[in-house]
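Colleague: Questions regarding the structure given below will be posed in turn.
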């Protein structure tokens, strides 16, 4: 039978659909994220959620080794001893890792380690997604990867959360990062925009983060916190010592207002950081998709988000309206 035979083409199509269906069923049963997809320009992205909770130790070690390769390229003169780099590995049980690989060689070239911080809001337990540590191989800096490292995983988590807003936090002294976070997410405080005011929710979350989660971003107990300006004083004493920079060296933002805001608000010789608190919601998602994601990468990203939306939104609605039909493994709970 030749490949051009209609029967052969139909059989091949059925085989492919069957394979896709198997992948979809497996993903629907999976409680933690483990996504791998291709971005434009020969880069493969892998997102792994809380690997210490479910992955075999050998697989976890492989991911950590990839991250250390990037860290060694970025900080050749020193090492880090906080977060996912701590020897006990406890942070891997609440980390969400985004790792970028060069598709041709498989070499890890960048990563972002988000942390899920347990907090309480209005008397109920909830989570804050801490944007965490970002590192990029010096050889590929300036190639427009910030849309992946700072917003992509947050957007995926927002869609998986059925489009309910998620609180985010960020600790940095780099004007470029302060500006990026302020422009990407909603209601980010502190900010050079005078219209953004510190709310009760901002203060409540900041107090809990500083009281319970300093280890997630490498800030020692001796560091002070200015509740009016959300400035962490002497922040580089808890394992993140090698990340301290001067204002001259710190990456600048294209808009001078953010550079001036950091120069005025932070003491770089002492080692200050801003603690930024904000949210990802529908307006923030729209801005991210329209202004941050390159057009050539948008189709693949929308396909991934569409699949997650089916899993978390469309299928639950389908289950709700068909309670008398057995859906088997598609049910979101185990009997």
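Values quoted throughout were computed directly from the atomic coordinates according to the rules given, and no laboratory measurement underlies them. Remember, predicted model here, so these are calculated numbers, not experimental data. Please note: Cβ atoms are built from the backbone with ideal geometry, for glycine as well, and neighbour counts cover all protein chains shown.
Colleague: Set the Förster radius R0 to 30 Å, insert the Cβ-Cβ distance between residue 248 and residue 72 as r into 1/(1 + (r/R0)^6), and round the FRET efficiency to 0.05. The partial results should precede the final answer.
Modeller: Working: r = 25 Å, r/R0 = 0.83.
So the FRET efficiency works out to roughly 0.75.
Colleague: For the modelled label position 7 Å from the Cα of residue 41 along Cα-to-Cβ, which residues of segment 266-293 have backbone nitrogen atoms closer than 16 Å?
Modeller: The answer is 291-293, whose backbone nitrogens lie closer than 16 Å to the label point.
Colleague: Report the extension gain between residue 162 and residue 226 in nm, rounded to one decimal, defined as 0.36 nm multiplied by the number of residues separating them, less their alpha carbon distance. Numbers along the way, then the final one.
Modeller: Values: separation 64, 0.36 × 64 = 23.04 nm, distance 3.46 nm.
Gain in length upon complete extension: 19.6 nm.
Colleague: Name the shape class, rounded, prolate or oblate, that the alpha-carbon gyration tensor gives for segment 30-296, where a ≥ b ≥ c are the square roots of its eigenvalues, rounded holds for a/c under 1.5, and otherwise prolate holds if a/b is larger than b/c and oblate otherwise.
Modeller: On the way: a/c = 1.27, a/b = 1.22, b/c = 1.03.
Since a/c stays below 1.5, the shape of segment 30-296 is classed as rounded.
Colleague: What's the center-to-center distance, using Cα atoms, between segment 187-224 and segment 249-284 in Å?
Modeller: Taking the Cα centre of segment 249-284 as reference, the centre of segment 187-224 is 13 Å away.
Colleague: Treat each spin label as a single point 7 Å out from the Cα along the C-beta direction, and report the residue 118 to residue 233 distance in nm.
Modeller: Placing both labels 7 Å beyond Cα along the Cβ direction yields 3.2 nm.
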